[in-house]
Structure formats: structure tokens, C-alpha cells
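Novice: One structure follows; several queries about it will come next.
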Amino acid sequence: MRDDQSSTTALGATIIRAVHQLIDEVPPILEDPVSVRLLREDVVRQIQERPEDHRTSQAKGLRSHVVLRSRYAEDELHQAVESGITQFVSLGAGYDTFPARQPEWARGLKIIEVDHPATQRVIIEHFKGAGISFPNNVEFVPLDLEVGDLRSALAKTSLELLKPALIACLGVLAYLRPETVRRVFQAVASLSNSTKMVVAFAPREKGTEARVGMSTAESAAARGEPWLTRFDQMDLRQELLNCGFSEVAFLSKDEAARRYYQGRRDLPAPRKVRLCMAAV
Ligand SMILES: C[S@@+](CC[C@H](N)C(=O)[O-])C[C@H]1O[C@@H](n2cnc3c(N)ncnc32)[C@H](O)[C@@H]1O
């Protein structure tokens, strides 16, 4: 990412989540009405008037991945909160609206949003401009993960390093160099025992999903945000274990279909899910 340029892939993800609210079946996989408020009225109208533009198999495949990763992370966070976790950190949070639309169960959380300074500035202004405010339990940490040290940056926040946290890392790793990804994993693995991290990663393998991935990657690269790191499941598991995590569990396609896609005709369940949960 360029130092002076806000991430356009972050904006792209929020448009995808808004499209999901506007044209897909009810109930949505991810209930995110705030994402629609982040779009200009004419953009919303255009989506509503031309839904077919968003119903190509490629658009549906990408939308399915983007809403699934957020829904999965929020479900894992909910479960973590029920088991006593009180801290949530989102790495490369982008326009994630969760902090602005916190359900009742999240109100006791400390929420830390980490993103590249250039992107985070624009995002905070964008939310403000749309009249969306954040509750007091949300803290923003501007950090370029390529150059900054995640653990030291978190140590300067209200996060209690001796207490476990749930970390979300959704659609971010691909934009980081492999050595940076390793430093990020090591930093998270150095946090308290019972810390968990939800990871959405870019695939290495060929096949239908990789075709979707390739064209998403090409479009991101054309916008100055090339994909630098991809994983297959075995590599990612090994890398996480090498970095100090004790356990890694991938969301299987059957489990994803059972939990989130039963009876749906709008979005396809992914053939290969690119999500996992790693525990310290
Ligand atoms: C595709 S967006 C995903 C945003 C969000 N996690 C979501 O699911 O919508 C990628 C995010 O990674 C962030 N990012 C990319 N490179 C980064 C870096 N070097 N340091 C911090 N954040 C970075 C971008 O600013 C952007 O918000």
C-alpha cells in the first residue's frame, strides 16, 4: 500500500456488504445496515436499479466470501464474549461497521481498530460524514503493519496484554509481505494465553475459487494493492504453529454450508472456505 493513499479495497469490501443488504435474500448472512449508510444515495439507487450487475457468478462468489468472513468472525467473537473474553482487536479493519453497530452482547468489550494511517484517517472521516458515530469503547490505532511493531502499538492502547483477546484479521494478510505476516502472527501469538485469531486468507491453489481469487487479485493490483501473500491450508497451519499458536482449526465447507447457507438461493456456499481460527 502507498503511504499517502487510502485503501480502495477496504471501500470495495464495504460496498460488497452493502450490496448484500440491498439485493440478497432476507435474512442476510451478515446483518449490516450501517454499510448502506456509508454509500452515497445515488450509489445505493444504482445498486437497487441494476441488481443484475451484482449477480454474475464472480460477483456472487466474492460477495459470499466477504460476508461469510465477517459473519464468521462476529459469531466467533460472540462465542468468545460468552466464554469471558472482553477485548477485540481488528487488524486492517477497513470500513468494518461492527464497532458502530455493536449488539448488546458486545457493549462490555474493549474494541481496538488497527489500520494503515492513510486509510484510517479517511475511514474515520467517512463515518463522520455519514453521521455514524462510535461508542466510547472503540479505540483507533493508526499503524502501518509493514513498518510498525504491532505488540508495542497495542501496548500503548487500553488493551490489557495479560488478558486474552479475540483478534480479527480479515482480508488483510494478502496485502502484506510474507515476512510482515510472520511478524504479525508472532506478535499475536505473544499475547496472553487463550487469545484467539480469526483469519481470512487468499488462496494459493488453482480451481474455481482461485479463478475468483485471481481476478480479485488483479483488480486489487490495478488499484495499487497487489496480493503479496497467499496460503494453502497446510502452509498456513504450519506458519501459525511455527509462530507460536497452539491450535489451528479451519472452517470446513460443509460446516459453512450447514451454518450459513441452508435454504439460500442468492449466494453460493464457497467450495473452499478460506477461514480459520488460531488459538494461542
Ligand atoms: C480488503 S481490506 C479488508 C478490510 C476489512 N478487514 C474487511 O474485511 O472489510 C484490507 C485492509 O488492510 C489494510 N492494510 C493493508 N496494508 C496494510 C498495512 N501495511 N498496515 C495496516 N493495514 C493495512 C487496508 O488499509 C484495508 O483496510
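The values are calculated or read from the model by the stated rules, or taken from the named source; none is laboratory data. Note that the coordinates shown come from a computational prediction; the quantities given were computed from them, not determined experimentally. So basically every Cβ, Gly included, is an ideal-geometry build from the backbone, and we count neighbours across all protein chains shown. Areas reflect the complete protein model, heavy atoms only, side chains present, ligands, DNA and RNA absent. Shrake-Rupley method; radii C 1.70, N 1.55, O 1.52, S 1.80 Å.
Novice: Given the peptides 71-78, 41-48, 254-261, arrange them by the average over their residues of other C-beta atoms within 10 Å, most packed first.
Specialist: By packing density, highest mean first, the sequence is 71-78, 254-261, 41-48.
Novice: Could you tally up the Lys pairs in region 158-280 with alpha carbons closer than 26 Å? Skip any pair fewer than 8 positions apart unless they're on separate chains.
Specialist: The number of close lysine pairs in region 158-280 is 6.
Novice: Which value results when the Cα radius of gyration for the chain is divided by 2.2 N^0.38 Å?
Specialist: So the chain has a normalised radius of gyration of 0.94.
Novice: Right, something else. Give me the percent of DSSP beta bridges within region 1-156 that run antiparallel, rounded to the nearest 5.
Specialist: So the antiparallel bridges amount to about 0 percent of the total.
Novice: Tell me, what is the per residue accessible area of region 73-206 in Å², probe radius 1.4 Å?
Specialist: 42
Novice: Would you mind computing the Rg to Rh ratio of region 1-121 from its alpha-carbon coordinates, Kirkwood style for Rh?
Specialist: Using only Cα positions, Rg/Rh for region 1-121 is 0.98.
Novice: Please turn the phi angles of region 7-19 into ³J(HN,Hα) values with the Karplus equation 6.51 cos²θ - 1.76 cosθ + 1.60 (θ = phi - 60°), one per residue in order, whole Hz, x for glycine and proline.
Specialist: 5, 7, 5, 5, 5, x, 5, 6, 5, 4, 5, 5, 4
Novice: Run through all the Cα pairs of region 147-280 and give the fraction in each 5 Å bin from 0, expressed as whole percent.
Specialist: With a bin width of 5 Å, the distribution comes to 2, 10, 17, 20, 18, 15, 10, 6, 2, 0.
Novice: Take every DSSP beta bridge whose two residues both sit in the chain, then give the antiparallel share in percent to the nearest 5.
Specialist: The answer is about 30 percent antiparallel.
Novice: Let me ask something additional. What whole number of Å gives the distance from the Cα centroid of region 2-77 to the Cα centroid of region 222-259?
Specialist: Here the answer is 22 Å between Cα centres.
Novice: Sticking with this structure for a sec: Could you please state how large a percent of the accessible area of the chain is carbon and sulfur, counting protein chains only and using a 1.4 Å probe?
Specialist: Carbon with sulfur: 50 percent of the solvent-accessible area.
Novice: A further question on this structure: Using θ = phi - 60° and the Karplus relation 6.51 cos²θ - 1.76 cosθ + 1.60, list the HN-Hα couplings for region 110-115 in order, rounded to whole Hz, with x at every Gly or Pro.
Specialist: 8, 10, 10, 10, 10, 7
Novice: Same structure, new question: Restricting to region 141-280, compute how many DSSP beta bridges are antiparallel as a %, nearest 5.
Specialist: Around 60 percent antiparallel, to the nearest 5.
Novice: Follow-up. SER90: net charge of surrounding residues, Cβ under 10 Å, Lys/Arg +1, Asp/Glu -1, itself excluded?
Specialist: -3
Novice: Determine ³J(HN,Hα), in whole Hz, for all residues of region 268-280 in sequence, where each value follows from phi through the Karplus function 6.51 cos²θ - 1.76 cosθ + 1.60 and θ = phi - 60°; x replaces Gly and Pro.
Specialist: My calculation for region 268-280 gives x, 5, x, 6, 9, 7, 10, 9, 8, 10, 10, 10, 7 Hz in order.
Novice: Shifting gears a bit: Under the rule of at least 5 residues apart or a separate chain, name every residue whose amide H is placed under 5 Å from the amide H of LYS110.
Specialist: Close amide H contacts, sequence-distant or interchain: GLN87, PHE88.
Novice: What number comes out for the charge environment of LYS196, summing +1 per Lys or Arg and -1 per Asp or Glu over other residues with Cβ under 12 Å away?
Specialist: Net local charge, LYS196 excluded: -2.
Novice: Also, quick follow-up: With every protein chain present, what is the per residue accessible area of region 5-62 (1.4 Å probe, Å²)?
Specialist: Heavy-atom SASA per residue in region 5-62 reads 52 Å².
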